[in-house]
Each structure stands twice: as C-alpha cells, then as structure tokens.
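Reviewing the structure listed below.
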Amino acid sequence: MAKPLFIIIFTITVSFLSVASYQNATTLTAAHTELIKYGFPVGLLPTNIVTYNLNRTSGDFVVKLGDTCRITLPPDNYLATYSKSITGKIVENRIAELNGIGVRAFFRWWGITGIRSNGQDLTFEVGYITKSFPSKTFDQSPECEGLSSSS
C-alpha cells in the first residue's frame with residue numbers, strides 16, 4: 001500500500017515541478033535568451049519586453065519595452081530607469097554603446113554605457129567609472145516598479 005501511494009505522490013511532485021519549470025521558461029523572451037547566449041544573466045532586462053532585434057553580424061541590438069519603467073537594482077538598491085527603447089552592441093561577455101538605462105548614484109542620474117561579464121561578476125560602466133557586482137544577483141528578470149520620471 002505504501003508503494004502505490006509513494007508512486008502517486010512522486011508523480012504529482014514531478015508534474016508540479018515540470019509545470020513550474022515550464023512557466024519560468026515561458027517568461028523568458030528572445031532578448032533574455034540572447035543575454036544568456038552572450039554570457040549575461042537575464043536580470044539585466046525587465047520583464048516588460050515587447051520586441052527585440054539583433055543584427056548578428058554587427059552585434060547591434062534594439063530592445064523595445066511596453067513603457068518606461070523604474071527598477072531597484074540589487075544588491076545595493078540603486079534606482080534604475082529603463083527607456084522604452086534600449087540600444088547597444090553585444091558580443092561575448094560585453095555590451096557596449098549602451099543607451100536607455102540610467103542609474104541614480106551620488107544624488108544624480110548616470111547613463112550606463114557598458115556592461116562586462118566574466119561569469120562570476122558583472123562590471124557596469126558609467127563613462128570611465130566602473131562598479132562590479134556578483135552575476136548571481138541578476139539571475140531573475142525584474143518587474144517594473146512603475147513609470148520612471150527621468151526618461
């Protein structure tokens with residue numbers, strides 16, 4: 001009697017985990033999938049992506065969001081704004097010429113101009129200034145907190 005009950009519980013558990021995995025996988029857009037291919041975590045982009053275009057030859061990309069948004073970035077709780085259109089150039093472990101993402105630090109807004117990944121850490125570039133954070137803090141794509149007021 002215990003063996004059939006174990007099989008039923010095991011089957012239900014596996015089914016539940018499969019559905020949960022499928023739901024998490026379906027929330028990834030093409031842009032999120034491309035981030036992974038180029039060595040970045042999905043949490044660099046919010047969840048409200050409408051379209052994404054990539055020129056595979058040049059690496060130039062355009063990400064269109066449903067609206068501008070504001071996000072609190074981990075781990076130091078920097079307030080970031082995302083414009084409706086984010087552009088840049090992506091190659092393996094490097095995003096350059098980035099436009100459309102700003103961060104508030106030292107009482108003013110700064111445009112993030114590039115991001116580098118070494119697998120363990122992400123290094124954000126704001127002009128010539130850089131700051132690194134653990135990549136794992138960006139494993140989940142954030143939801144927009146609301147409309148941004150600086151975009």
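Here is a check on your reading of the model: is Lys89 without any contact (Cβ under 8 Å) to a residue 40 or more places away in the chain and within 19 Å of Leu28 (Cβ to Cβ)? Here the answer is no, as Lys89 does not meet what is asked. Scanning segment 84-97 for residues that are surrounded by 15 or more Cβ atoms within 10 Å (Cβ to Cβ) and among the hydrophobic types (A, V, I, L, M, F, W, C) yields Ile86, Ile90, Ile95.
Conditions (1) surrounded by 10 or more Cβ atoms within 10 Å (Cβ to Cβ); (2) at pLDDT 50 or above; (3) under 15 Å from the mean Cα position of the chain (by Cα), marked per residue:
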| site | (1), (2), (3) |
| --- | --- |
| Phe6 | yes, no, no |
| Thr27 | yes, yes, yes |
| Thr47 | yes, yes, yes |
| Asn77 | no, yes, no |
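Go through Thr68, Thr72, Thr57, Thr81 for me and flag whichever is out of contact with any Asp or Glu (no Cβ under 7 Å at 6 or more places or on another chain) and surrounded by fewer than 16 Cβ atoms within 10 Å (Cβ to Cβ). I'd like the intermediate steps shown before the answer.
Details: Thr68 fails: surrounded by fewer than 16 Cβ atoms within 10 Å (Cβ to Cβ); Thr72 fails: out of contact with any Asp or Glu (no Cβ under 7 Å at 6 or more places or on another chain); Thr81 fails: surrounded by fewer than 16 Cβ atoms within 10 Å (Cβ to Cβ).
Criteria check complete, one pass: Thr57.
In segment 98-141, counting only strands (runs of 3 or more DSSP E) that sit wholly within it, the ones holding 2 or more residues that are of a type in the set (Ser, Thr, Tyr) and either in contact with a strand residue (DSSP E or B) (Cβ under 6 Å, 6 or more places away or on another chain) or exposed (fewer than 15 other Cβ atoms within 10 Å of the Cβ) (or both) span 129-134.
The values are calculated or read from the model by the stated rules, or taken from the named source; none is laboratory data. Remember, it's a predicted structure, so these values are computed and weren't measured experimentally. Cβ sites come from the backbone with ideal geometry, for glycine too, and all protein chains shown count toward neighbours.
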